[in-house]
Amino acid sequence: MAAEEHHDEVYAPDQLKPGNRKRAQRGAIISAAILLLFFWGNQQGNTEKVWLVVIALLLVGAVIGDVVLRRAGLRPNDQ
């Protein structure tokens with residue numbers, strides 16, 4: 001039996017660079033607001049409106065969840 005070899009992951013230096021968290025949060029909130037602006041469109045049924053609201057709520061929920069986890073110390077602040 002051959003011994004299993006351990007291979008380390010190879011990353012480019014820019015892959016490990018932390019992103020801009022505040023900019024990502026602002027982008028998610030702006031995207032949610034733009035989605036809600038589509039609410040007043042030319043759609044006939046309510047199905048489109050439901051999807052717009054659900055996706056906007058998911059974006060806002062992700063931002064709120066990220067803030068809560070970081071304040072609770074369950075997520076590192078460096079990324």
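Counting other Cβ atoms within 10 Å, keep those with at most 16, restrict to DSSP loop, and tell me which chymotrypsin sites (Phe, Trp or Tyr not before Pro) in segment 6-73 are left.
Details: sites: Tyr11, Phe38, Phe39, Trp40, Trp51; in loops: Tyr11, Phe38, Phe39, Trp40.
Taking segment 6-73 and a limit of 16 other Cβ atoms within 10 Å, the loop chymotrypsin sites (Phe, Trp or Tyr not before Pro) found are Tyr11, Phe38, Phe39, Trp40.
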Please give, to one decimal in nm, the separation of the simple spin-label points placed at His7 and Arg71, each 7 Å out from Cα toward the Cβ.
-> 4.4
Mark the label point 7 Å from the Cα of Ile64 along Cα→Cβ and return the residues of segment 22-58 whose backbone N is within less than 11 Å of it.
-> 57-58
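Only the coordinates and a few stated rules stand behind these numbers; no lab work does. These figures come from a predicted structure and were not determined experimentally. Ideal geometry is used to build each Cβ from the backbone, glycine not excepted, and the neighbour counts take in all protein chains shown.
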